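Worksheet for the structure shown next.
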Amino acid sequence: MTFTARDLGKLQWPLLGALLMLVLAILPVTWSSNQVTGARSERDEALRRQTSSEQRLLKVRTEEQELRDRAALYQRMQQTGITGNEQRLEWTEVIEDIQQQMRIPGINYEFGIRKPLDGGGAPEEGYFASPMRIQMRLLHEEDLLNFLRRLQREAKALVLIRSCTLSPLPPPPVGSTDLAQLNGECDLRWITVRPSASQP
C-alpha cells in the first residue's frame, strides 16, 4: 500500500490527537512521581527532626539522672561518714571495740600522713587516703578475715586492703597464758572525701 501526500494530510489531525493524548497520559504519571518524591523527602525530614528531638530529650534526661545519682551517692557518703575530714579518734575507737568484742589478743597500728588519693589536685577537696599499718596477734586465720570485714562495715571511711600476710608465731613459754598462734600484718588505706565548695 502506497501513502501519498494527500493521505498524510488526512492523517495529520489524528496523529496530533494521538500525540496530545500521549502527552496528557504522561503528565499525571510525572506529576504523581514528583508528588511521591516530595512526600518521601518531607517524611525523611520529619523523621530526622523527630530523631534529633528524641536524642536531645534523651541527653537531657541522662544528665538529669546523672545529677540525681551523684546527689544520692553524696548523701549516702554523708550518712556513712566518708565525707569530711578524717576521724582518727573514731577510727581508733572502732578498732578497739572490734578487738574487745572478738577477743583478739593484741593489736598494734600506726597511721601515716593523709594525702590526696590521686597524688595531685587541689589539696582542699577530692579523695584522700590515710595509710595505716596494723599488726595483730591472732588465734585463727578466720579472725583476720572477720576483723577486716567488720572494720570495713563499721568504720566511717572506705577501708581498702592493700595487702595482708599471716605467719606463725613461735611457741609461747611454758606456763604462758598467751594463746595467740598467728601474726597478721596488713597495709590499709582509709579513704575519705572532702567535697568542693560547690558540692550540694
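Laboratory data are not the source of any read-out in this text; all were calculated from the coordinates shown. For clarity, every value in this text was computed on a predicted model and none was experimentally measured. Cβ atoms come from the backbone with ideal geometry, glycine included; neighbour counts cover every protein chain shown.
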Item to check | Ranked packing of 43-55, 148-160, 105-117, most packed first, by mean Cβ within 10 Å | outcome: 148-160, 105-117, 43-55
Item to check | Exposure proxy ranking, count of Cβ atoms within 10 Å, fewest first, for Met21, Met136, Met102 | outcome: Met21, Met102, Met136
Checklist entry - Order of 186-194, 93-101, 165-173 by packing, highest average Cβ count within 10 Å first? => result 186-194, 93-101, 165-173
